[in-house]
1. Checking Cys212 against (1) without any contact (Cβ under 8 Å) to a residue 60 or more places away in the chain; (2) closer than 17 Å to Asn143 by Cβ; (3) of a type outside the set (Ser, Thr, Tyr); (4) surrounded by 14 or more Cβ atoms within 10 Å (Cβ to Cβ), which single condition isn't satisfied?
2. Does any residue in segment 164-192 that is at positive phi come within less than 6 Å, Cβ to Cβ, of a residue that is surrounded by 11 or more Cβ atoms within 10 Å (Cβ to Cβ) and assigned to a loop (DSSP other than H, G, I, E, B) six or more places away or on a different chain, and which pairs are these?
3. Name the strands (runs of 3 or more DSSP E) wholly inside segment 1-84 in which the number of residues that are farther than 25 Å from Trp175 by Cβ and over 16 Å from the mean Cα position of the chain (by Cα) is 1 or more.
4. Mind checking which strands (runs of 3 or more DSSP E) fall wholly inside segment 150-242 and carry at least 2 residues that are of a type in the set (Gly, Ala, Ser)?
5. Restricting to segment 124-144, name every residue that is of a type in the set (D, E, K, R) and either farther than 19 Å from Thr8 by Cβ or assigned to a loop (DSSP other than H, G, I, E, B) (or both).
6. Looking for something under 13 Å from Tyr196 (Cα atoms) and at pLDDT 95 or above - is there at least one such residue anywhere in segment 108-130?
Amino acid sequence: MKAATFNTWGNYGPPERKPVLAQAIRNLDADLICLQEVADPVFLEQFPYPVRLHAPAGTLAILSRFPLVSHREITYQAVSPLETCVRQALAAELRIDGRSLWAVTTHLSWKEADDATRLAQVEELLRAVEPLGGRVLLSGDFNAEPAHAPVDRIRRAGFVDLFSHRHPKEPGWTWDNQNPFIQSHSVRFPDRRIDYLFLRREALKEFDPSECEVVCRTSSPEGMHPSDHYGVLATLEISGAG
């Protein structure tokens, strides 16, 4: 199976970006796609997935070719004093080859001074997913680099960073100043990796990550990028009886 995460940049940028974004999502050909900054649920209707979940307050979405068993939204109590966004996680229990996998996507607070808030949001996220069992895939825009406390906390909780697992010596930037859309932002960051797919370690044998790559990096023939972020796509080899 293929699983992806991608921050779509909401309704920002020029209108002609939207068809490029939609085509980039189609080109992923992923069985499971976790999206952030999806402001308009109508945007999801163009994708032929039997499961299309949307959490409007947190602007999160999940597209799945696998059947949906249940889903829930988690609203973080840790709120940044520097922004007005509602920060959430969207969790979907999916049935895959006779077993359940929880796919969870989130978008944490973004400002540089918000690291303590991001860490508190991660603590809430980990408490919420702890009862879900061993088969949990965490995804999203964590607005934190691999060495920062929020990502380190996720790893210490038993989750494997799939890109680092496959490419331990590669930077894997998903926020790249070569992307022209970043040039329009009022706040500038260095190149960094802030978008992730994490799999709980005990699920690795059943969902073996044979590959993980940064995707949605190229522009259209007209020079239009899909988003200000790049995405992450993992191929998971399903093994064992469900």
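1. So Cys212 meets the others, but not (2).
2. Sorted first by the residue in segment 164-192, then by its partner, the pairs are Gly172/Arg193.
3. Details: elements: 2-7, 32-36, 51-55, 60-64, 68-75.
Fully inside segment 1-84 and qualifying: 51-55, 68-75.
4. Working: elements: 159-161, 195-200, 207-215, 231-238.
In segment 150-242, 231-238 are the strands (runs of 3 or more DSSP E) which contain 2 or more residues that are of a type in the set (Gly, Ala, Ser).
5. Keep residues of segment 124-144 that are of a type in the set (D, E, K, R), which gives 124, 127, 130, 135, 141.
If the condition is that a residue be of a type in the set (D, E, K, R) and either farther than 19 Å from Thr8 by Cβ or assigned to a loop (DSSP other than H, G, I, E, B) (or both), then Glu124, Arg127, Glu130, Arg135 are the ones that fit.
6. Start the filter on segment 108-130 by keeping residues that are under 13 Å from Tyr196 (Cα atoms), which leaves 108.
This time we only want the ones that are at pLDDT 95 or above, so: 108.
Yes.
The values are calculated or read from the model by the stated rules, or taken from the named source; none is laboratory data. Computed from a predicted structure; not experimentally measured. Glycine also receives a Cβ, built like all others from the backbone with ideal geometry; neighbour counts cover every protein chain displayed.
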